[in-house]
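First comes the structure, then the notes that go with it.
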Amino acid sequence: MENTIQTKLNEYKEHIETLKSIDELEVYNWLMSLGAKLNDTPLSETKRIMDNKIKQCQFDLYVDREDNKFKAWSNGMIAAGYAYILVDIFNSLSIAEAKKITEEHFRSIKLDQMLTMNRQTGFYEMVGLMINKVKEA
């Protein structure tokens, strides 16, 4: 079965709600564990250029398409965690389905409500950059 935007978003929303019901800090612990996984197959150093940088992030965070899929890299564990989620969602969809994604889709999982204002800004900047890169694909 092909993933849809809503299927993937619901998967993450349920996970976030479960962790949040235990303790809000569990969401951060989970994000940091995802951040460690993101850097298992990071965006190559040659792609870590200003055009691919999330400028509103406190840490270095880069995203681009490489080998026909999104990859990212960050030296901030929470930023890497939300980058992992975004990369996973975009990469699990067909290009046609990914082209339908809007910023509003990501509001539904309510991860942004768990992030500080700076992290929210970086999160949505990354969403916008990925949406633009999918449109170019």
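In the range 1-23, the count of residues that are within 20 Å of Met117 (Cα to Cα), basic (Lys, Arg) and part of a loop (DSSP other than H, G, I, E, B) is zero. Restricting attention to the range 84-118 and to residues that are of a type in the set (D, E, K, R) and open to solvent by 60 Å² or more (accessible area, probe 1.4 Å), the residue that is farthest from Asn10 (Cα to Cα) turns out to be Lys99.
A count restricted to the range 95-137 and to residues that are closer than 15 Å to Tyr28 by Cα and of a type in the set (Phe, Trp, Tyr) stands at 1.
If you go through the range 26-44 and pick out every residue that is over 17 Å from Gly76 (Cβ atoms) and part of a helix (DSSP H, G or I), you end up with 1. Here Ala80 passes the criteria (1) in contact with a strand residue (DSSP E or B) (Cβ under 8 Å, 6 or more places away or on another chain); (2) more than 22 Å from Glu45 (Cα to Cα) except the one numbered (2). Being more than 19 Å from Lys8 (Cα to Cα), free of Cβ contacts under 8 Å to residues at least 40 places away in the same chain and surrounded by 14 or more Cβ atoms within 10 Å (Cβ to Cβ) is the requirement here; does Glu125 meet it? No, not satisfied. Filtering the range 10-26 to residues that are crowded, with 17+ Cβ neighbours inside 10 Å and either hydroxyl-bearing (Ser, Thr, Tyr) or under 22 Å from Tyr62 (Cα atoms) (or both) leaves only Tyr12.
Among the residues of the range 27-53, the ones that are buried (at least 16 other Cβ atoms within 10 Å of the Cβ) and in contact with a strand residue (DSSP E or B) (Cβ under 8 Å, 6 or more places away or on another chain) come to 9 in all.
Of note, Ile49 satisfies the criterion of being of a type outside the set (Phe, Trp, Tyr) and under 22 Å from Val134 (Cβ atoms). With a requirement of 1 or more residues that are among the small types (Gly, Ala, Ser), the helices (runs of 4 or more DSSP H) lying completely within the range 63-125 that satisfy it span 77-92, 95-98.
The values are calculated or read from the model by the stated rules, or taken from the named source; none is laboratory data. The model shown is predicted, which means the values in this text are computed figures rather than measured ones. We place every Cβ from the backbone using ideal geometry, glycine too, and count neighbours over all the protein chains shown. Surface accessibility is based on the protein's heavy atoms, side chains included, excluding ligands, DNA and RNA. Shrake-Rupley method; radii C 1.70, N 1.55, O 1.52, S 1.80 Å.
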